[in-house]
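Have a look at the structure below before the remarks.
Quick note: the coordinates plus some simple rules give every number you see, no bench work behind them. As the structure is a prediction and not an experimental result, all values here were calculated from the model. A quick note on method: Cβ atoms are made from the backbone with ideal geometry, for glycine too, and the neighbour counts reach across all protein chains shown.
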There are 2 protein chains.
Amino acid sequence: MEDTLLMIPGPTTVPKRVLDAMAQPIVNHRGPVYGEILEETTAMMSEVFQTDNKSYLLTGSGTSAMEAAIANIVEKGDKVINVVSGKFGQRLQQLTEVFGGESIEIAVPWGQAADPEEIKRVLDENDDVKALTMIHNESSTAVVNPIQEVGKIMKDYDALFVVDTVSSLAGDNVKVDEYGLDICLTGSQKCIAAPPGMAAITINDDAWKVIDSVDSPTYYLDLKAMRKSGDKSPSQTPYTPNVSMTYAMREALSMVLEEGLDARIKRHHIGAEATREAAKTLGLDLFAREGDYSNTLTAINMPEGVTDNQLRGTMRNKYQIELAGGQDHLKGNIFRIGHMGTTGLHELAMTFACLEMTLKEFGFEFESGAGVAALEDIYLKNL
Amino acid sequence: MEDTLLMIPGPTTVPKRVLDAMAQPIVNHRGPVYGEILEETTAMMSEVFQTDNKSYLLTGSGTSAMEAAIANIVEKGDKVINVVSGKFGQRLQQLTEVFGGESIEIAVPWGQAADPEEIKRVLDENDDVKALTMIHNESSTAVVNPIQEVGKIMKDYDALFVVDTVSSLAGDNVKVDEYGLDICLTGSQKCIAAPPGMAAITINDDAWKVIDSVDSPTYYLDLKAMRKSGDKSPSQTPYTPNVSMTYAMREALSMVLEEGLDARIKRHHIGAEATREAAKTLGLDLFAREGDYSNTLTAINMPEGVTDNQLRGTMRNKYQIELAGGQDHLKGNIFRIGHMGTTGLHELAMTFACLEMTLKEFGFEFESGAGVAALEDIYLKNL
């Protein structure tokens, strides 16, 4: 294998088609050629978000879109409910506070999904909240939060529903209009399988009304400026966009739509189930609570008898496979396998073969090939 | 010619070497391989800034670095002197105000460079200013501002000297330490000749002291977070960086250093002189005041008898050469030729040949080839 296999929850392996598209010569970002590419790409973005809203591309990480979502709606003293079930939920809370908001935290134990009933209760207690923020797929804990159920609840409240789908869009069900997501954002380097460095956001009319009423200390991530430039003909961005990443996103989104959004999501679900079954077959424990499992990555408790450095170091140095560690207090306690983007059966088979060999090296006992066999079973059942 | 020739002031044509580097497979942004690439790239960045400071890469446009420079030092009510001699000077002023600063504007007529004596006078009148901001190379007017002279003056004052070198670094003299630039920032897509989408910033100890004393409403562009991540081993970025653009920057900066920074700057100076002489030979008037000319782009008054649409449209549609128009109130009144990055003799020769043909088409009279001949003279004198 020439290149290291990325089995982390983003960036994922980027298909050669996308890398080649990215390497095309640069065009004038203020000219009609770029304008057409931008319009085509943002239209595909809206299709993947399953929304009639316009979408906007940001030259920045997923975090830049998280900041755009918060900074443009939160003013000093505004109450915001932040559902915090992991590191990225915390980030939306931190952003709320950085921009002067008063955070009402719904703390969910790491490894569990938020409870819609608890959210309803907190909404009832706080009828003056401006927004509720939620991470759809909490990649720090490999848990999926129930955005559809919460979206239904939110329809009875005035607050905006702000949802981060950085590590789920195009890999799990995200129906912006049907679920009632007022602001939804994502990143390029997860299930869309483009390189990192671009983010996307879509905003409905209710959210625009709030944004139009807010005067935020934000400039680079000013959504009103993005809307104004996007409405120009040809469509533009307020500041020089990453032209190469726009090519990459256009190609990656084309691949998503060629595969078919539903087929791609189903493929992610199968990969997730196969990963869980393979891990369990090897005697490993999943970190997330049963039923709350992410469909785009899996977190596995670090088994006793091997350290994070030993396990992931061996996978990296001996087998050229990158796994992710735990973040913050989970560092050393879990490892995470990303199965997003174009990653599927073949990559998981390699990964589990090498994971089995790594575990054997550190004295674990199981029948060789058992994990891979469990993978095969799930795929055979589903294909 | 297969691809359109970019003669705009950024993005510039990106060398194939850089595009190919960018298209390499993605690595784990939290692993040692990326850490090494990041450290190597930021070290080259500091070399090009001519500073012993550390430098930081931002996944964003040049404007993201402008915001980082302002947002991290300005608090509500802080006085900041903004030298405004064009659109980008205005942008630093807008950013100052967005982050609650009180702007003291030194308004310089568009097309002229700032006067160091005037700056000294305003500094003397305002002994409580926190910073002075200046665009080194104002690409909206094709004027270069005297950062070296102003840097000398600033040494007698406590205020930070914040300089934007987005369109000058690696194409004109920028010696961060020698000139006393406390914060200096740039972009990827100008004289460095990488694609757009990455920015860089370098910060000296005086500036860090101010940054450490400020609690800004900034998160994605938080410089303290960048310093903390950069100090890790391996070096990291706080949020997922554009890995591909890091490759591109590494390759583009390698090309800058292989050519030699002084040689590259001299090449830009020659290209600028050649462009001015060629334009004047064709009877065209330069927009900028004599002596204030930029070394990386040239602004030319739109001659009577042809419209912006006719001139630039013909250059684009008939000859596949992109020129830039004027911005804001200069729209339609000037056109701009970028001669930055790897753009030099060959590209300018093509451009002036086609510009001559375009002008002839609209009835202008001059000896065919006269502009190109003027170019040749300047290059022959200098090579």
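In this rough spin-label picture, where each label sits 7 Å from Cα along the Cβ direction, the A:K228-B:K318 distance is 3.6 nm.
Computed over neighbours whose Cβ is under 13 Å from that of A:S368, the net charge equals -3, Lys and Arg +1, Asp and Glu -1. Think of the protein assembly as shown as a dipole: +1 on every Lys or Arg Cβ, -1 on every Asp or Glu Cβ, centred on the Cα centre; then among B:T218, B:L38, B:G89, B:L38 lies furthest on the positive end. Of all aspartates and glutamates in the structure, the ones whose alpha carbon falls short of 13 Å from that of A:K175, not counting any fewer than 8 places away in one chain, are A:E47, A:D52, A:E149, A:D164, A:D262.
Across the options A:S229, A:M66, A:I119, the greatest Cα extent toward the positive end of the charge dipole of the stretch A:16-258 (unit charges at beta carbon of Lys, Arg, Asp, Glu) belongs to A:S229.
At the listed q of 0.10, 0.14, 0.15, 0.19 Å⁻¹, the Debye profile of the stretch B:61-197, built from one uniform point per Cα, gives log10 I(q)/I(0) equal to -0.28, -0.55, -0.64, -1.07. Residues in the stretch A:94-105 carry Karplus couplings, in order, of 4, 4, 4, 6, 4, 8, x, x, 9, 7, 9, 8 Hz; the curve used is 6.51 cos²θ - 1.76 cosθ + 1.60 with θ = phi - 60°, and Gly or Pro positions show x. Where only DSSP H runs of four or more residues are counted, the protein assembly as shown gives -13000 deg cm²/dmol as its mean residue ellipticity at 222 nm, each run worth -39500 (n - 2.57). Using only side-chain charges placed at the Cβ, +1 for Lys and Arg and -1 for Asp and Glu, the dipole size of the protein assembly as shown relative to its Cα centre rounds to 1180 debye. A Cα-only calculation for chain A places Rg and Dmax at 20.9, 64 Å.
Across the identical copies, the 7 Å label point of A:G369, projected outward along Cα→Cβ, sits 7.9 nm from its counterparts, in ascending order.
Mean partner shielding of peptide A:232-241, defined as the number of other chain Cβ atoms within 10 Å of each residue Cβ, is 3. In order along the stretch A:109-125, phi translates into HN-Hα couplings of x, 4, x, 10, 8, 5, 9, x, 5, 5, 5, 4, 4, 5, 5, 5, 6 Hz, rounded to whole numbers, per the Karplus curve 6.51 cos²θ - 1.76 cosθ + 1.60 with θ = phi - 60° and x for Gly and Pro.
Springs between Cα atoms under 10 Å define the GNM used for chain A, and in it the highest mean-square fluctuation of A:I270, A:I26, A:I192 occurs at A:I26.
For A:I334, the residues whose modelled amide H falls within less than 5 Å of its own, excluding neighbours fewer than 5 places apart on the same chain, are A:M302, A:G326. In this structure, B:E290 and A:H346 have a Cβ-Cβ separation that, at R0 = 60 Å, corresponds to a calculated FRET efficiency of about 0.35. For the stretch B:1-155, a simple Cβ point-charge model (Lys and Arg +1, Asp and Glu -1, everything else neutral) yields a dipole of about 240 debye relative to the Cα centre. Shielding value for A:220-231 is 2, the average number of Cβ atoms from other chains within 10 Å of each residue's Cβ.
Need one number: the % of Cα-Cα pairs in the protein assembly as shown sitting beyond the 34 Å mark. Tail of the P(r) past 34 Å holds 50 percent of the pairs. Ranked from shortest, the separations from the 7 Å Cα-to-Cβ label point of A:D285 to its equivalents in the other copies are 8.1 nm.
Between B:A131 and B:I81, B:L160, the built amide H atoms are under 5 Å apart, and every one of these is 5 or more places off in sequence or on another chain. Within straight-line reach of A:K280, meaning a Cα separation under 19 Å, sit the following aspartates and glutamates at least 8 residues removed in sequence or on another chain: A:E290, A:D292, A:E304, A:D308, A:E347, A:E356, A:E361, A:E365, A:E367, A:E376, A:D377. Across the copies of the chain, B:K228 has label points (7 Å from Cα along Cα→Cβ) spaced 3.4 nm apart, shortest distance listed first.
Projecting the Cα positions of B:M340, A:A159, A:V129 onto the charge dipole of the protein assembly as shown (unit charges on Cβ atoms of Lys, Arg, Asp and Glu, taken about the Cα centre) puts B:M340 furthest along the positive direction. Put a plus charge on the Cβ of each Lys and Arg, a minus charge on the Cβ of each Asp and Glu, and nothing anywhere else: the dipole of the stretch A:265-351 about its Cα centre is then about 200 debye.
Straight-line cross-link reach from A:K381 at under 16 Å between alpha-carbon atoms covers these lysines, not counting any fewer than eight positions away in the same chain: A:K266.
Applying the Karplus relation 6.51 cos²θ - 1.76 cosθ + 1.60 with θ = phi - 60° to the stretch A:260-266 yields 3J(HN,Hα) values of x, 4, 5, 5, 5, 5, 4 Hz, where x marks Gly and Pro. Shielding value for A:315-322 is 1, the average number of Cβ atoms from other chains within 10 Å of each residue's Cβ. Extending 7 Å from the Cα toward the beta-carbon at both A:L383 and B:E39 defines two label points whose distance is 4.2 nm.
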